[in-house]
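Structure record follows, encoded as structure tokens.
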Amino acid sequence: MAARKARVERNTLETQITVEIDLDGTGKSSFDTGVPFLEHMMDQIARHGLVDLTIKSTGDLHIDDHHTVEDIGITLGQAFKQAVGDKKGIRRYGHAYVPLDEALSRVVIDLSGRPGLAMDVPYTRASVGGFDVDLFEEFFHGFVNHSMVTLHIDNLKGKNTHHQIETVFKAFGRALRMAIEMDERMAGITPSTKGSL
Ligand SMILES: [Mn+2]
């Protein structure tokens, strides 16, 4: 199997971002973005998705976190799409339920070749640690639009906002891991009746 790795650099007047990803990693991550709460969440993707992630970003944080968060989602999506390649022999679909104390989230992913996001997270607070939680939707929008995946995210229960979003990112990591795993019964086969994804 070819190495499922990618490195993408994306520069605009607002942000300068580099993402390195290895889908067959061990869950190592290294971040230098200036947005610690986002880093805490992306750490969950690496750890629970068993992907290695290195993300560096500089940008207009003096305005707010918006451009940085959205553009990291976009660049991560581009790197993911490149790394996942032709999708031959993979499971394609993944899902996970993850709890954290009182919170419970479900994430379902389809490496469909079509972008789509349905995200329903009834946050109990508007921000955590100075981070605007509604930016997570921008992050996932950026990701799906550039990775060309369908993503359904539902926080089913939760009182603590930190728990709510952390269960989303852990479930996303787990669902991703399932979807990109090789299915030995599908070796060399594209998991679609269309013959391509
Ligand atoms: Mn936490």
Principal axes first, then extents: for the Cα atoms of the chain, list largest minus smallest coordinate on each axis, whole Å, largest first. 47, 39, 28
Considering only C-alpha atoms, what is the centroid distance from region 1-60 to region 126-150, in Å? 14
Tally up the carbon and sulfur contribution to the accessible surface of the chain as a whole percent, 1.4 Å probe, everything protein left in place. 49
What does the accessible area of His40 come to, in Å² to the nearest 10, when a probe of 1.4 Å is used? 70
Quote the accessible area belonging to Met182 in square angstrom, nearest 10, computed with a 1.4 Å probe and with ligands, DNA and RNA left uncounted. 80
Give me the percent of DSSP beta bridges within the chain that run antiparallel, rounded to the nearest 5. 80
Amide H neighbours of Met119 under 5 Å, at least 5 residues apart or on other chains, H built in the peptide plane: list them. Ile153
Per residue value of the accessible surface for the chain (all protein chains in place, 1.4 Å probe), Å²: 47
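Under the definition of Cα pairs under 8 Å and six or more residues apart, what whole-number percent is the relative contact order of the chain?
27
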Let me cross-check Lys56: its accessible surface, 1.4 Å probe, with only protein heavy atoms counted, in Å² to the nearest 10? 110
Using a 1.4 angstrom probe on the protein heavy atoms only, line up Tyr97, Tyr123 by accessible area, largest first. Tyr97, Tyr123
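The values are calculated or read from the model by the stated rules, or taken from the named source; none is laboratory data. Values in this document were obtained by computation on a predicted structure and should not be read as measured data. When the accessible area is computed, the model is the full protein with side chains, heavy atoms only, and any ligands, DNA or RNA have been set aside. Shrake-Rupley method; radii C 1.70, N 1.55, O 1.52, S 1.80 Å.
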